[in-house]
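**Q** Input: one structure, supplied below.
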Amino acid sequence: MRNPSVHDFGRLGAFIAVVTTGALITMWLGLDGLAQSEPYAVVATVLLAVGLFSSSAGISLDEARADVRTVVLAVTVGVLAKAAIITGIMWIFFRRPEMMILGVVVAQIDPLSVAAIRERSRLSPRAQTILAAWSSFDDPITALMTVYLAVWLVGGTSSGPLALAAGTGSALVQVLLNLGLALIAYGLWKVTGGTRPATRLRLQLAVQRVLLVGVAVAAVSRMLMLGLALAGLFFRPRIDGFLSWATRIAFWLAALAVGIGLTEGVSLWAGVVLGVAAFGSQCLVGYALTARLPWEDRVALALGHQNGITAIILALLLEPMVPGTLSVVGPAIVVVNLLHAVTNTIWARIPRPPAPPVIPQSGVPSADRPVEASA
């Protein structure tokens, strides 16, 4: 049987190749300082919006309801605990406030990578749902944390989306704005019929898709990523095919953008420490928060941390405020994904005890036992 983590190594190699390509193109064309430009920040925000909406729109609400307690703990306590562990390690090693911010940037699980894991992992459907929801909603939470931690620790300013989000007021105001956008989106969804069939179904879908674009534009323009992620839970006008290829393109464009940023240098040692801290924090927190799951699912979730589009784009957005962010986060992402591929390969090769036979209930014949004829 093909090892389920072979694809992880292939995707990791492709990711490194795209990052390298971005760096080489930038040096060849002499585009130094591109990562500091306004168009660069806008494109990065759009990519983040695509990734967040796609991940939340892919959650099965019926499956998530069964483990809502674990999911809520994961995206609240879990995210904060992971961020605290990573930032603490970065402070111990480097004693610099800006290094602590990078711990939040890589604290989330990449939703695009999770989508690939679910297709070939040994996770139960229950654990798959938890991982999908976890990866969807820790993204906007870490985005908000990055904004305010950056302003608080380094007191920097920026003309990009991070400064825009920080300038709207307190964290409470920002949360209320996100909830307001989600409520507006919900109202538009209900007014246009939701998922109920309409007399002119094509017209209904066309209107809903146009309105979704409007909601996305509002989210991007005001950096309301949490509101957009919440909208993805219900605003679903049959665009699965579009989201599928859009998220793949967004991931590789973000990888290319990281290569552009890395032309300013690579902080290899800091990146290695950050990557190991990020993966290790998931091992601790992921296993601790899933006590009600079977031990195999707990281990698989503990080894489930990957970084991708959100960490990349948060690094891109943070770069103007904290120069050198990309030089640390870029190699950290590679380290995290390498650790994921290696540990999951080892885990997949460990033999499992056979599952106990299913004992049929009294009076109910087993599926593999013929019904005995009555005397």
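**Q** Report, by residue number, each residue of segment 43-53 that is at pLDDT below 80 and either of a type outside the set (A, V, I, L, M, F, W, C) or within 15 Å of residue 315 (Cα to Cα) (or both).
**A** Of segment 43-53, the ones at pLDDT below 80 are 44-45, 48, 51-52.
Correct list: 44, 45, 48, 51.
To keep it simple, each residue is scored yes or no on (1) at pLDDT 65 or above; (2) over 17 Å from residue 217 (Cα atoms); (3) hydroxyl-bearing (Ser, Thr, Tyr).
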| residue | (1), (2), (3) |
| --- | --- |
| 141 | yes, yes, no |
| 148 | yes, yes, yes |
| 152 | yes, yes, no |
| 156 | no, yes, no |
| 164 | no, no, no |
| 170 | no, yes, yes |
| 179 | yes, no, no |
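**Q** Is there a residue being modelled with pLDDT under 90, of a type in the set (Phe, Trp, Tyr) and open to solvent by 30 Å² or more (accessible area, probe 1.4 Å) anywhere in segment 264-278?
**A** For segment 264-278, residues modelled with pLDDT under 90, of a type in the set (Phe, Trp, Tyr) and open to solvent by 30 Å² or more (accessible area, probe 1.4 Å): absent.
**Q** Something else now. Output the number of residues of segment 119-128 satisfying the condition of being within 25 Å of residue 80 (Cβ to Cβ), assigned to a helix (DSSP H, G or I) and either at pLDDT below 70 or open to solvent by 10 Å² or more (accessible area, probe 1.4 Å) (or both). Explain how you work it out, then say what you get.
**A** Taking segment 119-128 as the starting set, the residues that turn out to be within 25 Å of residue 80 (Cβ to Cβ) are 123, 126-128.
Among the residues that remain, those that are also assigned to a helix (DSSP H, G or I) are: 126-128.
Those still in the list that are either at pLDDT below 70 or open to solvent by 10 Å² or more (accessible area, probe 1.4 Å) (or both) too: 126, 128.
The number of residues fulfilling the criteria is 2.
**Q** If you go through segment 15-32 one residue at a time, how many are in contact (Cβ under 8 Å) with a residue 40 or more places away in the chain and outside any loop (DSSP other than H, G, I, E, B)? Break it down into steps so the answer makes sense when it comes.
**A** First, the residues of segment 15-32 that are in contact (Cβ under 8 Å) with a residue 40 or more places away in the chain: 15-16, 18-27, 31-32.
Cutting the leftovers down to outside any loop (DSSP other than H, G, I, E, B) gives us 15-16, 18-27.
Looking only at that region, the number is 12.
**Q** Within segment 85-94, is there a residue that is open to solvent by less than 10 Å² (accessible area, probe 1.4 Å), of a type in the set (Val, Ile, Thr) and within 20 Å of residue 297 (Cβ to Cβ)? Walk me through how you get there before you give the answer.
**A** So the first thing to find is which residues in segment 85-94 are open to solvent by less than 10 Å² (accessible area, probe 1.4 Å), and the list is 86, 90.
Next, from what is left, pick out any that are of a type in the set (Val, Ile, Thr): 86.
Among the residues that remain, those that are also within 20 Å of residue 297 (Cβ to Cβ) are: none.
No, the conditions are met nowhere in segment 85-94.
**Q** Would you pick out the residues in segment 243-259 that are surrounded by fewer than 22 Cβ atoms within 10 Å (Cβ to Cβ) and within 10 Å of residue 21 (Cα to Cα)?
**A** Matches in segment 243-259: 256 only.
Results for (1) surrounded by fewer than 24 Cβ atoms within 10 Å (Cβ to Cβ); (2) modelled with pLDDT of 80 or more; (3) in contact with a helix residue (DSSP H, G or I) (Cβ under 8 Å, 6 or more places away or on another chain); (4) more than 21 Å from residue 51 (Cα to Cα), shown as yes or no for each residue.
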| residue | (1), (2), (3), (4) |
| --- | --- |
| 299 | yes, yes, yes, yes |
| 317 | no, no, yes, no |
| 337 | no, yes, yes, no |
| 357 | yes, no, no, yes |
| 369 | yes, no, no, yes |
| 373 | yes, no, no, yes |
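**Q** Which residue out of 290, 325 is closer than 22 Å to residue 131 by Cβ and not charged (D, E, K, R)?
**A** On the way: 325 fails: closer than 22 Å to residue 131 by Cβ.
When all the criteria are applied, what remains is 290.
**Q** Do any residues in segment 212-235 that are open to solvent by 30 Å² or more (accessible area, probe 1.4 Å) have Cβ atoms under 8 Å from those of residues that are hydrophobic (A, V, I, L, M, F, W, C) and not in a helix (DSSP H, G or I), where the two are at least six apart or on different chains, and which pairs are they?
**A** These pairs meet every condition: 218/224; 233/59.
**Q** How many of the residues making up segment 67-77 are at pLDDT 85 or above, touching a Phe, Trp or Tyr at 6+ places or on another chain (Cβ under 8 Å) and either more than 13 Å from residue 291 (Cα to Cα) or among the β-branched types (Val, Ile, Thr) (or both)?
**A** Total satisfying the criteria: 0.
The values are calculated or read from the model by the stated rules, or taken from the named source; none is laboratory data. A quick note: this is a predicted structure, and the numbers were derived from the prediction, not measured. Glycine also receives a Cβ, built like all others from the backbone with ideal geometry; neighbour counts cover every protein chain displayed. Areas reflect the complete protein model, heavy atoms only, side chains present, ligands, DNA and RNA absent. Shrake-Rupley method; radii C 1.70, N 1.55, O 1.52, S 1.80 Å.
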